[in-house]
């Protein structure tokens, strides 16, 4: 993969944009609404790409287990919200997830696979809770299927970019993308 592509990905992650408003909860409930939801907030996009990038630095099946842990725990958070369970500091924790995962990528932090899955899983609960809190009374199953698929796709993009960087011995590109993601998280705290 050319350096330009990796640099472009890092630039996207570094773009300090405010989180976009999500769809009106009254309009939620379809698979399409669920698919679009993670794509309408820079906070969701960045952390999902970062999870894929970080996963790409692991070996074997772990590369897929880390994003799978995120998707699974995000659905747990969604279920908690749908059950009326309140979580404290949802939005600040989502912003913190960008900073934390971005720094883990930027600093090439090595943790056991279970630890990496646990870290992203904890943050995913808050992302899923946010999705559920914004749903209202619409059809939860279709919506959850949509945002789970979109999340997995974003993880896949991050994994693909990270794998290309690993293959082409470009660890600096991965680290730069992590730093850019952490910077985006800090910028969102300021908004």
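The values are calculated or read from the model by the stated rules, or taken from the named source; none is laboratory data. Given the structure is predicted, the values throughout are model-derived calculations rather than measurements. Note that we place each Cβ from the backbone using ideal geometry, even for glycine, and neighbour counts take in every protein chain shown.
I'd like the full set of residues that are out of contact with any helix residue (DSSP H, G or I) (no Cβ under 9 Å at 6 or more places or on another chain) and on the phi < 0 side of the Ramachandran plot, limited to the stretch 142-175. Full working, then the answer.
From the stretch 142-175, those out of contact with any helix residue (DSSP H, G or I) (no Cβ under 9 Å at 6 or more places or on another chain) are 167, 169; that's our starting set.
Scanning the stretch 142-175 gives a single hit, 167.
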Taking residue 92 as the residue in question, decide whether it is under 18 Å from residue 147 (Cα atoms), touching a residue at least 40 places away in the same chain (Cβ under 8 Å) and either surrounded by fewer than 16 Cβ atoms within 10 Å (Cβ to Cβ) or within 16 Å of the chain's Cα centre (by Cα) (or both). no
Determine which single condition residue 23 fails, assuming it passes every other condition in (1) at pLDDT 65 or above; (2) more than 21 Å from residue 101 (Cβ to Cβ). (1)
